[in-house]
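The values are calculated or read from the model by the stated rules, or taken from the named source; none is laboratory data. Since this is a predicted model, take the numbers as computed values, not measurements. Cβ sites come from the backbone with ideal geometry, for glycine too, and all protein chains shown count toward neighbours. Protein only, heavy atoms only, side chains kept; ligands, DNA and RNA dropped before computing areas. Shrake-Rupley method; radii C 1.70, N 1.55, O 1.52, S 1.80 Å.
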Amino acid sequence: MDAEHLSRKDFLSLTGKTVALGVAGTLAANGLLHQNVLAQTRPRAVSPPAKIPPGVDEPIVLEAWKSDVDQQSGPTPTPLPPDHRIGYAVVGLGHLALEEILPALSSCEKSRLVALVSGSPEKLKKVAAQYGVAPQNCYSYDTYDQLKNNPEVDVIYIVLPNALHKDYVVRGAKTGKHILCEKPMAVSSKECEEMISACNAANVKLMIAYRIQYQPHNRKLREFVQNKTFGVPKLIEACNSQSSANPAHWRHKKALAGGGALPDIGLYCLNTNRFILGEEPIEVFAYQYSTPGNPLFTEVEELMSWQMRFPSGVIASSSTDYNVHESRRYRVMCEKGWLNMDKAYAYKGQKLTTARAEGKMERQEEIGLAETNQFAAEMDHFSDCILKNKRPFTPGEEGLQDHILMEAIYQSAKEGRPVKLTHKVNQPLRGPEPELDA
Ligand code: NDP
């Protein structure tokens, strides 16, 4: 039996001895399997597409050298040779691109940077030199459509202000390249529908960059919740807040941002609640507030607080604010315990703590997992979908669903009443589970 065909149960029954991937892992005192062990069931590539050269689809296998009780490192990285990786054109060289995405591309296994698009020629020249992007692979917004003629580019990654996502996705789809688009997907559900249609018409894949859905701690919490390890989930409390400084920034302009704290950072609570529960809300009720006279909030909201009711009966209370000290956390209350995630939506530093009743005692545990680069994980997932012709785990429909819910949240806050959600959500909304190193 090879790793590709191992179920989790099979893997456990083998006790690691016949699996040559470095095996074992930590069975915590409560009997929970450590994520590193799960990661070692990572399947190898099947039906390698033309881009993978012969001989590199097999993982490199090292002999086991630690005992079963030691915490194991993850599987040996199996990167594709650089010239066989999926080529990315990054569009918009702002904070996220320069601070996270371009550096993350250097640690990808299946993705590489091949082109840049920017409205700032000076910056473009510097960044291209830093990352070794050839001058002929540097584009402006005017020459963007010429990406069509660049065979090195497989994916266009849109990292622009929210209101520009739709046009650049629609134009990008017409170049025949696959599209990865930052969150929020757009500024309305109508725009999301146009983007999905454009990508379908062009027969290209569309993925929304919901990095938390590729993050090990959040994925582990979701597994606990969906397996009811701590009993039936009943309540969620989630908060994502930060402090803004510059009223001139596009995030505070309705025309470019589409909204304030809700679509920018509150979206993480909304999307993560749906992700961990694996179900869609049927009703929302919201309050909105902005401090009068604060120039940051003349066009977009400061605070949104909302509840979502799910078919299983779970009530998720979420809040977001652009004007309080950073706080990014959530807690899931279950019949027999709770799960708490600190730094839940941060780029790193997630801390997963659980509690459960044990007789008259409460056992609290911190679940230690290896950190991964969330941006590299999501880009490599998209590249994997392209190499194996799979639907992305967070496709355009995932972004559309969030926009429909955000519109209901704004409507509820405006009208001061609960809003029922009656639209049909086609299931499965997401693509197959990503194959992730962890
Ligand atoms: P920035 O303002 O830092 O960068 C945006 C870039 O877009 C600019 O630097 C500029 O690049 C380009 N741009 C083109 N037209 C305009 C315009 N009219 N106004 C302003 N910029 C323009 O934003 P971020 O990088 O923080 O955010 C970009 C996107 O990424 C947003 O959709 C945001 O929601 C998302 N994001 C996602 C995060 C995540 O964790 N997934 C975290 C942060 C942001 P150039 O000068 O090269 O043309």
Among residues of the range 291-333 being among the aromatic types (Phe, Trp, Tyr) and part of a loop (DSSP other than H, G, I, E, B), the residue farthest from residue 350 (Cα to Cα) is 310
The lone condition residue 239 fails out of (1) away from the ligand (no atom under 12 Å from the Cβ); (2) not in a strand (DSSP E or B) is (2)
Scanning the range 209-236 residue by residue, those within 28 Å of residue 156 (Cβ to Cβ), of a type in the set (A, V, I, L, M, F, W, C) and assigned to a helix (DSSP H, G or I) turn out to be 212
Note on the range 121-139: residues open to solvent by 40 Å² or more (accessible area, probe 1.4 Å) and either within 10 Å of the ligand (Cβ to nearest atom) or not small (Gly, Ala, Ser) (or both) are 121, 122, 123, 125, 126, 130, 131, 135, 136
Looking across the range 260-277 at residues that are within 11 Å of the ligand (Cβ to nearest atom) and of a type outside the set (Asp, Glu), the single one that is surrounded by the most Cβ atoms within 10 Å (Cβ to Cβ) is 263
Over the range 71-119, the set of residues assigned to a loop (DSSP other than H, G, I, E, B), touching a residue at least 60 places away in the same chain (Cβ under 8 Å) and either more than 15 Å from the ligand (Cβ to nearest atom) or open to solvent by 50 Å² or more (accessible area, probe 1.4 Å) (or both) is 71, 73, 74, 75, 77, 85, 107, 108, 109, 110
Residue 33: passes all of (1) at pLDDT 95 or above; (2) open to solvent by less than 40 Å² (accessible area, probe 1.4 Å); (3) more than 25 Å from residue 161 (Cα to Cα) but (1)
Of the candidates 336, 348, the one satisfying the condition of being within 16 Å of the ligand (Cβ to nearest atom), surrounded by fewer than 16 Cβ atoms within 10 Å (Cβ to Cβ) and of a type in the set (Lys, Arg) is 348
Quick check: is even one residue across the range 173-189 within 27 Å of residue 136 (Cβ to Cβ), open to solvent by 50 Å² or more (accessible area, probe 1.4 Å), out of contact with any His (no Cβ under 8 Å at 6 or more places or on another chain) and without any contact (Cβ under 8 Å) to a residue 60 or more places away in the chain? yes
How many residues of the range 410-424 are in contact with a strand residue (DSSP E or B) (Cβ under 7 Å, 6 or more places away or on another chain) and not in a loop (DSSP other than H, G, I, E, B)? The answer is 5
When every residue in the range 364-411 that is in contact with a Phe, Trp or Tyr (Cβ under 7 Å, 6 or more places away or on another chain) and of a type in the set (S, T, N, Q) is compared, the one surrounded by the most Cβ atoms within 10 Å (Cβ to Cβ) is 394
Screening 202, 255 for residues that are under 26 Å from residue 302 (Cα atoms) and open to solvent by 20 Å² or more (accessible area, probe 1.4 Å) leaves only 255
